[in-house]
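The values are calculated or read from the model by the stated rules, or taken from the named source; none is laboratory data. Every value quoted in this text rests on a predicted model; they were computed, and no experiment measured them. Methodologically, a virtual Cβ is constructed for each residue, glycine included, from the backbone with ideal geometry; neighbour enumeration extends over all protein chains shown.
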Amino acid sequence: MKHYQIAVLVGSLRKDSLNRQLANALVPLAPPEFTFNQVEIGDLPLYNQDDEANPSESVTRLRSDIKTADGLIFLTPEYNRSIPGVLKNAVDHASRPYGQGAWAGKPAGILGVSVGVMGTSLAQQHLRNILSCLDVPTLCQPEAFIQAKDGLFDEDGNIGSGSREFLQNWMDRYVAWVKQLSY
């Protein structure tokens, strides 16, 4: 049986981030041949093209984590109706140098959770636009604009019963997407 390594990028640095909680709670919904690696993005320097010839250790690690992954999951909050700067910075670093980016061809899924009624719909759309430019095939359905309500997570940090069926369906579709597109 093939093993699939998934790079998980959480667009929030906050210790108690809802999106990090969701990233952790999704893991048990996947089959055993899938493992998840939350990629560190908080220690990346601001992207500067002048640094491409001599990247920092954190940038080298990021690129390696993406290149060795069979698939990607992005969990993004919405900041001012777009993706957080820290996530855009990570995307930019791993897309460079031009023509040598790490993203191309990696099947991706996008989710986000927010206290707002619209979830993270606009941030997710912006991220889809960015990823399409980088040749990242992104799962389109089901979309996952999740509002953080009581019961989203149970007392153990797992997906609560009211959201379990929807998120299990999302994970099942994502798993099929990765299996279809990974090579």
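Residue under question is Q21, and the condition is that it be surrounded by 14 or more Cβ atoms within 10 Å (Cβ to Cβ), in contact (Cβ under 8 Å) with a residue 12 or more places away in the chain and of a type outside the set (S, T, Y); does it hold? Talk me through it step by step, then tell me what you get.
Values: surrounded by 14 or more Cβ atoms within 10 Å (Cβ to Cβ): yes; in contact (Cβ under 8 Å) with a residue 12 or more places away in the chain: yes; of a type outside the set (S, T, Y): yes.
Yes.
Among the residues of the stretch 126-142 satisfying the criterion of being without any contact (Cβ under 8 Å) to a residue 24 or more places away in the chain and surrounded by fewer than 16 Cβ atoms within 10 Å (Cβ to Cβ), which is nearest to Q100 (Cα to Cα)?
So in the stretch 126-142, the residues without any contact (Cβ under 8 Å) to a residue 24 or more places away in the chain come out as 128-129, 132-133, 140.
Applying the additional criterion that residues be surrounded by fewer than 16 Cβ atoms within 10 Å (Cβ to Cβ) yields 129, 132-133, 140.
Values: N129: 20, S132: 16, C133: 14, C140: 26 Å.
Here the answer is C133.
Could you tell me how many of the residues in the stretch 30-54 are touching a Leu at 6+ places or on another chain (Cβ under 9 Å), surrounded by 14 or more Cβ atoms within 10 Å (Cβ to Cβ) and not β-branched (V, I, T)?
4
Evaluate the following for E57: is it more than 14 Å from R96 (Cα to Cα) and free of Cβ contacts under 8 Å to residues at least 24 places away in the same chain? So that I can check it myself, show each step before the final result.
Numbers: more than 14 Å from R96 (Cα to Cα): yes; free of Cβ contacts under 8 Å to residues at least 24 places away in the same chain: yes.
Yes: the conditions hold for E57.
Taking interchain pairs and intrachain pairs at least six residues apart, which have beta carbon atoms under 7 angstrom, with the first residue in the stretch 95-117 and surrounded by 19 or more Cβ atoms within 10 Å (Cβ to Cβ) and the second of a type in the set (K, R)?
From residues that are surrounded by 19 or more Cβ atoms within 10 Å (Cβ to Cβ), the pairs are A102/R63; A102/K67; I110/R128.
Can you pull out the residues in the stretch 131-183 that are touching a helix residue (DSSP H, G or I) at 6+ places or on another chain (Cβ under 6 Å), of a type in the set (V, I, T) and under 24 Å from K67 (Cβ atoms)?
Matches in the stretch 131-183: T138 only.
Of (1) within 15 Å of V27 (Cα to Cα); (2) in contact (Cβ under 8 Å) with a residue 24 or more places away in the chain; (3) loosely packed, with under 15 Cβ neighbours inside 10 Å, F153 satisfies all except one. Which?
Only one criterion in (1) within 15 Å of V27 (Cα to Cα); (2) in contact (Cβ under 8 Å) with a residue 24 or more places away in the chain; (3) loosely packed, with under 15 Cβ neighbours inside 10 Å is unmet by F153, namely (3).
If a residue counts only when it is at pLDDT 95 or above and of a type in the set (G, A, S), which strands (runs of 3 or more DSSP E) contained entirely in the stretch 1-112 have at least 1 such residues?
4-10, 71-75
Suppose we keep only residues that are touching a residue at least 60 places away in the same chain (Cβ under 8 Å) and in contact with a helix residue (DSSP H, G or I) (Cβ under 8 Å, 6 or more places away or on another chain) within the stretch 60-81. Which one would you say is farthest from G101 (Cα to Cα)?
Here is the first cut: in the stretch 60-81, the ones touching a residue at least 60 places away in the same chain (Cβ under 8 Å) are 68-77.
Filter once more, so that each one left must be in contact with a helix residue (DSSP H, G or I) (Cβ under 8 Å, 6 or more places away or on another chain): 70-77.
Working: D70: 15, G71: 15, L72: 14, I73: 17, F74: 17, L75: 21, T76: 21, P77: 24 Å.
Top of the filtered list is P77.
Among the residues of the stretch 22-64, count how many are small (G, A, S) and either in contact with an Asp or Glu (Cβ under 7 Å, 6 or more places away or on another chain) or more than 30 Å from F153 (Cβ to Cβ) (or both). Can you show your working first?
The initial filter retains those residues of the stretch 22-64 that are small (G, A, S), namely 23, 25, 30, 42, 53, 56, 58, 64.
Subsequent filtering for residues that are either in contact with an Asp or Glu (Cβ under 7 Å, 6 or more places away or on another chain) or more than 30 Å from F153 (Cβ to Cβ) (or both) retains 53, 56, 58, 64.
Number of matching residues: 4.
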